[in-house]
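The values are calculated or read from the model by the stated rules, or taken from the named source; none is laboratory data. Everything numeric here is computed off the predicted structure, so don't read it as measured data. Because the Cβ atoms are built from the backbone with ideal geometry, glycine has one as well, and the counts that use them run over all protein chains shown.
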Amino acid sequence: MISLENAVVARLESFGERFEILVEPHLAARVRQGENINIEDVVAALDIFGNSSRGTRASDESLEKVFHTTDFATVAKKIIEKGEIHLTADQRREMTEEKRRQVVTFIARNSINPQTGHPHPPARIERAMEEARVNIDPFKHLDELVKETVKALRPILPIRFEELRLAIRIPPENAARAYGDIAAACTMEKDEWQKDGSWVCVVRIPAGIQSEFYDLINKISKGEGQVKILNQVY
């Protein structure tokens, strides 16, 4: 369980009843986004309150009426998923800005400007989000926020998501250490060791990280690696 100092109220009102629990907001957001987190690690007390400020616990009758169970973990999870989580102004600002950065980074890394074939700089994406008045809900999943943001940006910013499919060859002297670094930076489709000790593979990368990925290949192969674009995947 978390400390009371780090807890905020999560509240759900239903069928004329009010239910409150005390939660850590960042962990509650992750539960709300579908992560499998032990509820006891999210809350500050193993109690369902009718009014947490007064310390009044919800009755078993009211729990059965609304949730059809008195099991704490089951009820608490539903309150987190369906209720309101009451953040302080600083907490909301911090969580919103963090989620906004995640959205900007995802779009910058995974999309391009179809007019130029190059990724949009993060600063350009941020300005377009401000112009489109994109609202970031810190409790929504990143995938959902990206979809909403891209929809809002399309009238302002030419944008297209695509992947590049690449064939890579690393010479023998650098092949052994290359596998882990390359595998961590892309989606590996297939790979094969050649008779001469070199290593070849076919990978997919987000189009927005093409330059960054080429720099990685040059670094781990000391400039001797070979990369060929096979096709673009939209």
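How many residues, within the stretch 206-228, are aliphatic (A, V, I, L, M) and at pLDDT 90 or above?
Adding up the residues that qualify gives 4.
Taking the stretch 187-234 as the region of interest, how many residues are small (Gly, Ala, Ser) and closer than 17 Å to residue 177 by Cα?
Total meeting the criteria: 5.
Take the residues in the stretch 78-94 that are out of contact with any helix residue (DSSP H, G or I) (no Cβ under 6 Å at 6 or more places or on another chain) and surrounded by 19 or more Cβ atoms within 10 Å (Cβ to Cβ), then tell me which one is farthest from residue 142 (Cα to Cα).
79
Filter the stretch 22-77 for residues that are in a helix (DSSP H, G or I) and aromatic (Phe, Trp, Tyr); which is nearest to residue 8 (Cα to Cα)?
Looking at residues that are in a helix (DSSP H, G or I) and aromatic (Phe, Trp, Tyr), I get 72.
Out of the residues in the stretch 177-199 that are among the hydrophobic types (A, V, I, L, M, F, W, C) and within 11 Å of residue 217 (Cα to Cα), which is farthest from the chain's Cα centre (by Cα)?
Selected residue: 178.
Taking only the stretch 178-228 into account, find how many residues are in contact with a Gly (Cβ under 7 Å, 6 or more places away or on another chain) and more than 30 Å from residue 113 (Cβ to Cβ).
Qualifying residue count for the region: 0.
Could you please find all residues in the stretch 178-232 being out of contact with any helix residue (DSSP H, G or I) (no Cβ under 8 Å at 6 or more places or on another chain) and either part of a helix (DSSP H, G or I) or surrounded by 18 or more Cβ atoms within 10 Å (Cβ to Cβ) (or both)?
179, 180, 183, 184, 210, 211, 212, 214, 215, 218, 219
Criterion first (touching a helix residue (DSSP H, G or I) at 6+ places or on another chain (Cβ under 9 Å) and assigned to a strand (DSSP E or B)) does residue 164 satisfy it?
Yes: the conditions hold for residue 164.
Matching residues to (1) surrounded by fewer than 20 Cβ atoms within 10 Å (Cβ to Cβ); (2) under 16 Å from residue 28 (Cβ atoms); (3) of a type outside the set (Gly, Ala, Ser):
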site: 42; (1), (2), (3): no, yes, yes
site: 48; (1), (2), (3): no, yes, yes
site: 51; (1), (2), (3): yes, no, yes
site: 54; (1), (2), (3): yes, no, yes
site: 57; (1), (2), (3): yes, no, yes
site: 64; (1), (2), (3): yes, no, yes
site: 69; (1), (2), (3): yes, no, yes
site: 72; (1), (2), (3): yes, yes, yes
site: 76; (1), (2), (3): no, yes, no
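Assess whether residue 35 counts as being surrounded by fewer than 18 Cβ atoms within 10 Å (Cβ to Cβ), in contact with a strand residue (DSSP E or B) (Cβ under 9 Å, 6 or more places away or on another chain) and farther than 17 Å from residue 91 by Cα.
No.
Inside the stretch 93-123, can you point out the residues that are aliphatic (A, V, I, L, M) and either assigned to a strand (DSSP E or B) or outside the structural domain of residue 135 (by TED's automatic domain parsing) (or both)?
Matches in the stretch 93-123: 112 only.
For the stretch 138-152: of the residues being surrounded by 13 or more Cβ atoms within 10 Å (Cβ to Cβ) and without any contact (Cβ under 8 Å) to a residue 40 or more places away in the chain, which is farthest from the chain's Cα centre (by Cα)?
Across the stretch 138-152, the extreme among qualifying residues is 152.
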